[in-house]
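Inspection log for the structure reproduced underneath, given as structure tokens.
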């Protein structure tokens, strides 16, 4: 339906506030960050143009590659954990297991709590001496339970575990909606054909929610890659740099080491990694709309 | 109708004029960190406002010290929203950037007129003199670190006698390890602190550095990052590496509480306050915090042990607690009046009564100190006069060098890195600063 000129103008007017918001709070900072990445700046002194030196240093920076590696580990494990667990939780609720309404609320509640609060709370729970987790483990006969956040071997895994606990409820809700949209006739036909639970899940439910599954996976990947709050609240990237991620390294470079230009270069690197994923997400949502039409 | 409107307008104007104060009040905004610093400034501001009713002093307290205020204040100071005055750390780090960016008012006139040149120690005057010869801040309180606070009941239970040496520290590393062993055998953790916040580990390292490296070489470590400096000693040399190895040895000998690398500053204190750790490392400011959090805890203090026989342990004095006036303030005279008051004997004594942060002036009455100081602070202060003090390494060096060292120490203590690679990384950063490629 083509709009007349007058109606087009009104349309632009409605879009204008959102456009201005994006221009001021997204486009402008993005452009400024990109420009800043070519400078050396302490945050308060005069900026010195250094060209590509920040990026050259980035490629040689051991901590940058370590942070990138940790980001990949975090992204893969937390995405797999939240989406797969979310799928099975949604399945359990959709199949109306006993107490399903209670589980639906309980699994979604942590999603609504701030990441920083969750990080601080779990920091106390995981205290090796005073925390209840190790207290229970000692009662179960484990005399030397892990140091969790105080051990470089378990610090990142602990953060991933907490993230899965907090965010499994989000894919659960999305996938639950998709599952509940499956026509009842299909389930009835399957029942008549004598399918068991596993066959129903794998051959009926999963194929029909697959587009949503893919979308939520890409979304979780994007969310996971830009993680900062929970890592900062739980370990600040430590012990040492064992749980450092790009968001934390960016913060430290800019605000702790007063190398704002270098921090901006890290931000640009993050953008270059996340942007293709965002394009993929947009492409998948367009595909979904085409399929539905 | 017009007449009524005119009369109403005139009446409103008269009411408005009458409601205006005869003299407009000046409001100055002062930012600072939370805790004893804020308490002290608030108490001083209250008395100042009583004496100066035409000046309002608003103390803006940040949400956190190391995590919030330290990294963010320099950016705020450069913004249109900057305060009139601020408390900030005067050391080799972000303060130098503030001075270089021309964001602070010089205070040379006050140093002269108020006699601060005589009232403050020479070392403080040198510390506060910037490369251009001017002073842009004034030291308001001094603290010292690291202290080791010990639970007297646990020590008694474990059959441990606190150190009896003149420097209030165990006379050797072996004696120290024996004490650690007795504490563990009694079922307690030895030294607890929040290693997640690397600066605390930095303080332990500073103490070991003072006990293992002669002062001449220490002075070189304080300065060998400066552009064009010819270093006598480098971070890859044995002088530095021996200290890193000692820190690692302490960890391996069980000096630190289990899991300390995963605890924050308050969580590290929690173990001590709850009676699960025999000792707790903090600065002199820790006395006030412990009195608040554990009023019934009977604790004493000591210094870390002597390591090398030829070097006596000393206190590490930190005189970086500075007050400054931001350039461009519209109330420069009022700010100077408040600063004069803060540095007056009256205000310094008041601040000391309110908190355990020690006054910076040398001419505070000793009897008064004895009267109002916490007994432990007074003991420490007397001992400091007796055995002397040095400077912590992470005080004068650039932010990046200090902050990076904290991460490297954490990695070393968690087995991810050797002392040699710590030295190499620090030397690479120092070399970058020396060559001017900051």
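The values are calculated or read from the model by the stated rules, or taken from the named source; none is laboratory data. What you see is a predicted model, and the numbers here were worked out from it, not measured in a lab. Cβ sites come from the backbone with ideal geometry, for glycine too, and all protein chains shown count toward neighbours.
For the stretch B:365-408, name all the residues that are closer than 16 Å to residue B:319 by Cα and in a loop (DSSP other than H, G, I, E, B). Result: B:388, B:391, B:392, B:393, B:394, B:395, B:396, B:397. Within the stretch A:191-207, at least one residue is crowded, with 18+ Cβ neighbours inside 10 Å and either within 14 Å of chain B (Cβ to nearest Cβ) or within 26 Å of residue A:283 (Cβ to Cβ) (or both).
Assess whether residue B:381 counts as being under 30 Å from residue A:46 (Cβ atoms), in contact with a helix residue (DSSP H, G or I) (Cβ under 7 Å, 6 or more places away or on another chain) and away from chain A (no Cβ under 14 Å). Taking the combined requirement at face value, the residue does not satisfy it.
Conditions tested, residue by residue: (1) in contact with a helix residue (DSSP H, G or I) (Cβ under 8 Å, 6 or more places away or on another chain); (2) at pLDDT 95 or above; (3) outside the structural domain of residue B:58 (by TED's automatic domain parsing).
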site: B:339; (1), (2), (3): yes, yes, no
site: B:352; (1), (2), (3): yes, no, no
site: B:371; (1), (2), (3): no, no, no
site: B:375; (1), (2), (3): no, no, no
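Only residues that are more than 10 Å from every other protein chain (Cβ to nearest Cβ), closer than 19 Å to residue B:59 by Cα and in a loop (DSSP other than H, G, I, E, B) were counted across the stretch B:69-100, and they come to 5. Is the stretch B:83-99 home to any residue that is surrounded by fewer than 14 Cβ atoms within 10 Å (Cβ to Cβ) and over 25 Å from residue B:316 (Cβ atoms)? Checked against the condition, which is being surrounded by fewer than 14 Cβ atoms within 10 Å (Cβ to Cβ) and over 25 Å from residue B:316 (Cβ atoms), the stretch B:83-99 yields no hits at all.
Among residues of the stretch B:238-259 that are not assigned by TED's automatic domain parsing to the domain that holds residue B:425, none has a Cβ under 9 angstrom from a residue that is surrounded by 18 or more Cβ atoms within 10 Å (Cβ to Cβ) and outside any helix (DSSP H, G or I) at a sequence gap of 6+ or on a separate chain.
If you go through the stretch B:226-257 and keep only what is within 12 Å of another protein chain (Cβ to nearest Cβ) and buried (at least 21 other Cβ atoms within 10 Å of the Cβ), you end up with B:256, B:257. Of all residues in the stretch A:254-279 being under 22 Å from the mean Cα position of the chain (by Cα) and without any contact (Cβ under 8 Å) to a residue 12 or more places away in the chain, which is nearest to residue B:398 (Cα to Cα)? Among them, the one singled out is A:272.
Inspection of the stretch B:274-286 finds no residue satisfying the criterion of being out of contact with any strand residue (DSSP E or B) (no Cβ under 9 Å at 6 or more places or on another chain) and more than 14 Å from every other protein chain (Cβ to nearest Cβ).
Condition check ((1) closer than 30 Å to residue B:65 by Cα; (2) touching a residue at least 40 places away in the same chain (Cβ under 8 Å); (3) within 16 Å of the chain's Cα centre (by Cα)) across all residues:
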position: A:213; (1), (2), (3): no, yes, yes
position: A:219; (1), (2), (3): no, yes, yes
position: A:222; (1), (2), (3): no, yes, yes
position: A:242; (1), (2), (3): yes, yes, no
position: A:245; (1), (2), (3): yes, yes, yes
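Residue B:111: surrounded by 20 or more Cβ atoms within 10 Å (Cβ to Cβ) and either in a helix (DSSP H, G or I) or over 18 Å from the mean Cα position of the chain (by Cα) (or both), yes or no? Taking the combined requirement at face value, the residue satisfies it.
It is to be established whether one or more residues within the stretch A:234-251 are within 14 Å of another protein chain (Cβ to nearest Cβ), in a helix (DSSP H, G or I) and more than 23 Å from residue A:59 (Cα to Cα). Within the stretch A:234-251 (the criterion being within 14 Å of another protein chain (Cβ to nearest Cβ), in a helix (DSSP H, G or I) and more than 23 Å from residue A:59 (Cα to Cα)), the answer is yes, since at least one residue qualifies.
For the stretch B:416-436, taking the residues that are over 19 Å from residue A:252 (Cα atoms) and touching a helix residue (DSSP H, G or I) at 6+ places or on another chain (Cβ under 9 Å), the one that is modelled with the lowest pLDDT is identified as B:416. State whether the residues of the stretch A:253-264 include one that is in contact with a strand residue (DSSP E or B) (Cβ under 7 Å, 6 or more places away or on another chain), part of a helix (DSSP H, G or I) and either surrounded by 20 or more Cβ atoms within 10 Å (Cβ to Cβ) or within 14 Å of chain B (Cβ to nearest Cβ) (or both). Yes, that holds for at least one residue. Within the stretch A:19-62, count every residue that is in contact with a helix residue (DSSP H, G or I) (Cβ under 6 Å, 6 or more places away or on another chain), farther than 26 Å from residue B:101 by Cα and within 14 Å of chain B (Cβ to nearest Cβ). Count: 0. Would you check if there is a residue in the stretch B:204-215 being assigned to a loop (DSSP other than H, G, I, E, B), touching a helix residue (DSSP H, G or I) at 6+ places or on another chain (Cβ under 9 Å) and touching a residue at least 12 places away in the same chain (Cβ under 8 Å)? Scanning the stretch B:204-215, I find at least one residue that is assigned to a loop (DSSP other than H, G, I, E, B), touching a helix residue (DSSP H, G or I) at 6+ places or on another chain (Cβ under 9 Å) and touching a residue at least 12 places away in the same chain (Cβ under 8 Å), so the answer is yes.
Residue-wise test of (1) touching a helix residue (DSSP H, G or I) at 6+ places or on another chain (Cβ under 7 Å); (2) not in a helix (DSSP H, G or I).
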| position | (1), (2) |
| --- | --- |
| B:234 | yes, yes |
| B:249 | no, no |
| B:261 | yes, no |
| B:270 | no, no |
| B:280 | yes, yes |
